[in-house]
Amino acid sequence: MIVVTGATGNIGRRLVDRLLAEGAAVRALTRDPARAALPAEAEVVRADLNGADDLAPLLAGADALFLNLAAGGDGAAARLIDAAAKAGVRRIVLNSSMGVTDTPADETNFISRMHAALERAVRDSGLEWTFVRGANYATNTLAWAPSIRESGVVRDAHPGARGVPVHEADLADVAAVALLDRTGAHLGRAYLVTGPEPMTVAEQVAEIGRAIGRETRVERISEDEAVEAMSGPHLPKEAARELVRMFGGTVDAPPFALSDAVERVTGHPARTFAQWAREHAADFS
Ligand SMILES: NC(=O)c1ccc[n+]([C@@H]2O[C@H](COP(=O)([O-])OP(=O)(O)OC[C@H]3O[C@@H](n4cnc5c(N)ncnc54)[C@H](OP(=O)(O)O)[C@@H]3O)[C@@H](O)[C@H]2O)c1
């Protein structure tokens with residue numbers, strides 16, 4: 001039995017499908033099973049990981065856990081790691097971040113700090129582990145969908161900011177292999193998982209335009225305006241400022257390290273952003 005946190009999320013949905021297709025038994029956690037629209041073959045279980053519920057029943061009889069920080073945040077994740085060890089779960093595959101580099105840079109921004117702390121907690125748990133250190137998710141660009149639909153214009157402080165957008169299905173595929181593996185080949189491994197090519201914000205916006213058959217463009221705004229637009233109840237201003245500065249830092253940085261982990265681990269090449277944009281064209285139209 002494999003427990004999947006964040007099962008209705010970008011990665012979680014793909015992961016549940018993939019695990020079921022491989023014949024695994026899956027317990028999919030969601031706060032609202034009625035709205036989750038998860039496959040009937042999965043055991044869909046209600047869980048608010050921020051609540052006061054006992055976590056033991058969620059993990060009972062499970063061999064492995066896919067742990068996504070998005071499902072309740074770092075406090076919930078830390079409690080789940082503890083509960084998994086107590087419940088006799090053998091393996092954790094942690095959805096971590098490319099922000100973790102095992103260098104002092106890990107302390108320089110809140111994303112890296114949070115994921116690095118979780119990686120430490122998983123290592124310290126004594127359980128088997130694999131870390132999926134994803135690059136910037138292609139799904140981040142869904143935040144542009146309202147303005148692309150409305151005007152074709154994306155407002156961003158750093159149109160030249162570079163990333164290596166990664167498809168959620170590739171993250172799920174890597175996680176699935178690590179969860180199901182019986183050879184031990186992926187234990188104790190931290191995989192940097194990137195898309196196949198570096199792209200600027202402007203290039204991603206243009207690619208979305210090609211996918212939807214409309215002209216799209218980036219309009220440059222100040223860092224303060226970007227912080228204002230990005231911050232809200234889930235992202236305090238200071239954290240938004242760290243992010244905007246981090247993106248700005250990629251404009252003139254040395255080229256991104258591309259990883260071949262998707263191909264090495266899953267046997268298929270990483271999906272391109274162009275493919276992602278075509279698959280998500282309806283979101284931007
Ligand atoms: N974005 C990036 O560029 C990036 C890069 C590297 C790493 N990451 C990591 O990836 C994570 C995002 O993964 P994702 O895109 O797959 O997530 P996502 O699509 O945001 O999905 C998160 C799921 O978590 C569930 N959830 C939220 N609050 C919950 C709670 N209190 N209790 C239980 N479940 C809860 C929700 O499901 P229900 O509504 O069904 O409960 C939601 O579908 C980030 O948090 C970060 O750790 C992101």
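The values are calculated or read from the model by the stated rules, or taken from the named source; none is laboratory data. Since the structure is predicted, the reported quantities are computational estimates derived from the model, not experimental observations. A quick note on method: Cβ atoms are made from the backbone with ideal geometry, for glycine too, and the neighbour counts reach across all protein chains shown. Side chains included, ligands, DNA and RNA excluded: accessible areas come from the protein's heavy atoms. Shrake-Rupley method; radii C 1.70, N 1.55, O 1.52, S 1.80 Å.
Quick notes on this structure:
- Unique match (being open to solvent by 50 Å² or more (accessible area, probe 1.4 Å) and within 16 Å of the ligand (Cβ to nearest atom)) among D106, D53: D53
- Filter result for V93 (buried (at least 18 other Cβ atoms within 10 Å of the Cβ), more than 10 Å from the ligand (Cβ to nearest atom) and not in a strand (DSSP E or B)): no
- Filter result for the condition that a residue is surrounded by fewer than 20 Cβ atoms within 10 Å (Cβ to Cβ), out of contact with any Leu (no Cβ under 7 Å at 6 or more places or on another chain) and modelled with pLDDT under 95, over A239, A206, A190: A239
- Any hit, segment 61-81, residues being open to solvent by 70 Å² or more (accessible area, probe 1.4 Å), touching a residue at least 40 places away in the same chain (Cβ under 8 Å) and either in the same structural domain as A143 (by TED's automatic domain parsing) or under 19 Å from the mean Cα position of the chain (by Cα) (or both): yes
- All positions within segment 221-247 that are within 19 Å of G73 (Cα to Cα), without any contact (Cβ under 8 Å) to a residue 60 or more places away in the chain and acidic (D, E): E238
- Scanning segment 4-15 for residues that are crowded, with 24+ Cβ neighbours inside 10 Å, more than 15 Å from V177 (Cβ to Cβ) and touching a helix residue (DSSP H, G or I) at 6+ places or on another chain (Cβ under 6 Å) yields one hit, A7.
- Looking only at segment 109-120, and only at residues there that are out of contact with any strand residue (DSSP E or B) (no Cβ under 9 Å at 6 or more places or on another chain) and open to solvent by 40 Å² or more (accessible area, probe 1.4 Å), the one that is farthest from R133 (Cα to Cα): F110
- Those helices (runs of 4 or more DSSP H) of segment 219-285 in which 2 or more residues are under 24 Å from D173 (Cβ atoms) occupy 261-266, 273-279, 281-284.
- In segment 96-137, the residues that are part of a loop (DSSP other than H, G, I, E, B) and not small (G, A, S): M98, V100, T101, D102, T103, T108, N109, L127, N136
- Filter result (part of a strand (DSSP E or B) and more than 13 Å from the ligand (Cβ to nearest atom)) within segment 1-15: I2
- Count - residues of segment 29-77 that are among the charged types (D, E, K, R) and farther than 17 Å from T8 by Cα: 4
- Positions within segment 148-168 being assigned to a helix (DSSP H, G or I) and either within 11 Å of the ligand (Cβ to nearest atom) or open to solvent by 30 Å² or more (accessible area, probe 1.4 Å) (or both), in sequence order: R149, E150, S151, E168
- Some residue of segment 16-33 being among the basic types (K, R), assigned to a loop (DSSP other than H, G, I, E, B) and open to solvent by 40 Å² or more (accessible area, probe 1.4 Å): yes
- Filter result for R264 (open to solvent by 30 Å² or more (accessible area, probe 1.4 Å) and not assigned by TED's automatic domain parsing to the domain that holds M199): yes
- Scanning segment 141-183 for residues that are free of Cβ contacts under 8 Å to residues at least 24 places away in the same chain and among the small types (G, A, S) gives A143, S147, S151.
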